[in-house]
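Enquirer: Have a look at the structure that comes next, please.
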Amino acid sequence: MAKSDVAKERFFNLPVIVLISLSFMLGMSEFIVVGVLPDIAAGLKVSEVTVGNLVSLFAFVYAPVTPLGSALSARFPRFATHLTLVGVFLIGNVLCAFASNYGVLVVARILIALVSGTLVAIAMTYAPDVTTEQYRTKFIAWVFSGFSIASVVGVPVGTWVANTFGWRWAFHLVNVLTVVLIVLMVMVLPRNSRIVKIGFLPQFRLFFDRRIQLGVLTVVFGAAASYVFYTYLTPIMRDEVHVPEQYLSVGLVIFGAACLWSNLYGGKLADRGRGVEPLTHIRPIYCAHAVLMASLVVAHWVPVYGALLLVVLGMFMYLQNSASQVLYMDVASQSHPGSLNLAASLNSMSFNIGIAVGSAVGGLVNAHLGLMWLGPVGAIFLLCAVGTTTLLRPFVARERDFYTKQQA
């Protein structure tokens, strides 16, 4: 057995760890604004809602650029493209660290958003090169879990650094870690490429597949539901749950741990079938999530319940991720094999459309109704996700026949 094959038999080999670490860095950079939102607002002398809009802006850029960048990246050598985009990511975070005003920070966040989604999509394409088929859903779950690990470790550490040394040092930390990651990428990632022969525009036929359309809508609604309140998680803990200022970082760690569990357990849910089937199994989870989300309004009067509920909501936050990624990749493999890079990007695209919608709606609700109403509005998005997963169910039997014939 070749040395590379032996390494692939061990799931946590160096290339897999580097790809998970890349997701960690992307997550830390994306979510750190939530942890240091009050500090940035005070430092740049703008309102918290204005800084909160950076979350919406990031997602509004990230979502449309991700499929375009992923489809384009499939036509160039993978490793060189990957390394170049990480370099752009580093430049954007350096700009964040030295932003002299809100306008510069906006430009920096746009630059980071332009490459982040494509970086996740490219990471997904390494799966057959760094691990085995039996670990496919585990690889997907752990790459997504890099974002949750950022919530558990990166964002709270960044928040502590911001509170201790100033918010700019949180971005300096991201920059130092990114340089280390670039060195590791050069050392361990495979250099082989599978450059697609299909044209750029024909890859987008994938979007005409009904299963893809419903999968995208489901993730958009699920993500929007969570980000209605997650964008304002720090103010909710501070003003509704009455967590003392010095314990906000601890609260973020606990919430992040719940999110990490959500991503990893989501990987197990994704093993329940192929194609659209795993995502249809999330439907009862969306129903329960909607009820819990609506009850967030109670936190205003019962802070202890609110604190426990935030942990539970974190445990629901990413359960859909691996199941939806399986849907996109399997549907592309079945019907659109030239669009695999594009398919790999759809979860990031869909989730960030949801982030953009959810955080924008959350900003309006916070400004006009108050923090306590963020939960009930999020529940409405979850009921929409229940509807789209219901529409996916008729495809399950058809796909089971397809995979049965394949195995025969």
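The values are calculated or read from the model by the stated rules, or taken from the named source; none is laboratory data. Since we're looking at a predicted model, the values are computed, not measured. Please note: Cβ atoms are built from the backbone with ideal geometry, for glycine as well, and neighbour counts cover all protein chains shown. SASA here: full protein model, heavy atoms, side chains in, ligands and nucleic acids out. Shrake-Rupley method; radii C 1.70, N 1.55, O 1.52, S 1.80 Å.
Enquirer: Go through the residues of the range 189-200 one by one and say whether even a single one is assigned to a helix (DSSP H, G or I) and either open to solvent by 20 Å² or more (accessible area, probe 1.4 Å) or farther than 23 Å from SER73 by Cβ (or both).
Expert: no
Enquirer: Further question on the same structure: Mind checking which residues of the range 261-284 are open to solvent by less than 40 Å² (accessible area, probe 1.4 Å), in a helix (DSSP H, G or I) and under 18 Å from PHE351 (Cβ atoms)? It would help to see each step written out before you state the result.
Expert: Kept after step one, since they are open to solvent by less than 40 Å² (accessible area, probe 1.4 Å), are these residues of the range 261-284: 262-263, 266-267, 269-270, 273, 275-280, 282.
Subsequent filtering for residues that are in a helix (DSSP H, G or I) retains 262-263, 266-267, 269, 277-280.
SER262, ASN263, GLY266, GLY267, LEU269, PRO278, LEU279 - these are the residues of the range 261-284 that are open to solvent by less than 40 Å² (accessible area, probe 1.4 Å), in a helix (DSSP H, G or I) and under 18 Å from PHE351 (Cβ atoms).
Enquirer: Pick from the range 285-323 the residues that are among the hydroxyl-bearing types (Ser, Thr, Tyr) and in contact with a Ser or Thr (Cβ under 7 Å, 6 or more places away or on another chain): which of them is surrounded by the most Cβ atoms within 10 Å (Cβ to Cβ)?
Expert: SER322
Enquirer: Working only within the range 381-408, note down all residues that are in contact with a Phe, Trp or Tyr (Cβ under 9 Å, 6 or more places away or on another chain) and among the hydrophobic types (A, V, I, L, M, F, W, C).
Expert: PHE381, LEU382, LEU383, CYS384, ALA385, VAL386
Enquirer: Can you work out which of the residues in the range 35-60 that are more than 14 Å from the chain's Cα centre (by Cα) and β-branched (Val, Ile, Thr) is farthest from TYR126 (Cα to Cα)?
Expert: My answer is VAL46.
Enquirer: Identify the residue in the range 210-235 that is modelled with pLDDT under 90 and β-branched (Val, Ile, Thr) and, among all such residues, is farthest from GLY27 (Cα to Cα).
Expert: In this case the residue turns out to be THR234.
Enquirer: Do you know which of the residues in the range 114-148 that are surrounded by fewer than 24 Cβ atoms within 10 Å (Cβ to Cβ), more than 15 Å from ALA344 (Cα to Cα) and hydrophobic (A, V, I, L, M, F, W, C) is nearest to the chain's Cα centre (by Cα)?
Expert: LEU114
Enquirer: Confirm whether TRP160 is over 21 Å from VAL36 (Cα atoms) and either among the charged types (D, E, K, R) or open to solvent by 20 Å² or more (accessible area, probe 1.4 Å) (or both).
Expert: The answer is no for TRP160.
Enquirer: Go through the residues of the range 330-347 one by one and say whether even a single one is within 28 Å of ASP239 (Cβ to Cβ) and open to solvent by less than 10 Å² (accessible area, probe 1.4 Å).
Expert: No, that holds for no residue.
Enquirer: Return the residues of the range 248-267 that are closer than 8 Å to GLY314 by Cα and at pLDDT below 85; say none if nothing qualifies.
Expert: GLY256 - this is the single residue of the range 248-267 that is closer than 8 Å to GLY314 by Cα and at pLDDT below 85.
Enquirer: Test of understanding: among VAL174, VAL180, VAL155, VAL186, which residue is free of Cβ contacts under 8 Å to residues at least 24 places away in the same chain and part of a helix (DSSP H, G or I)?
Expert: VAL180
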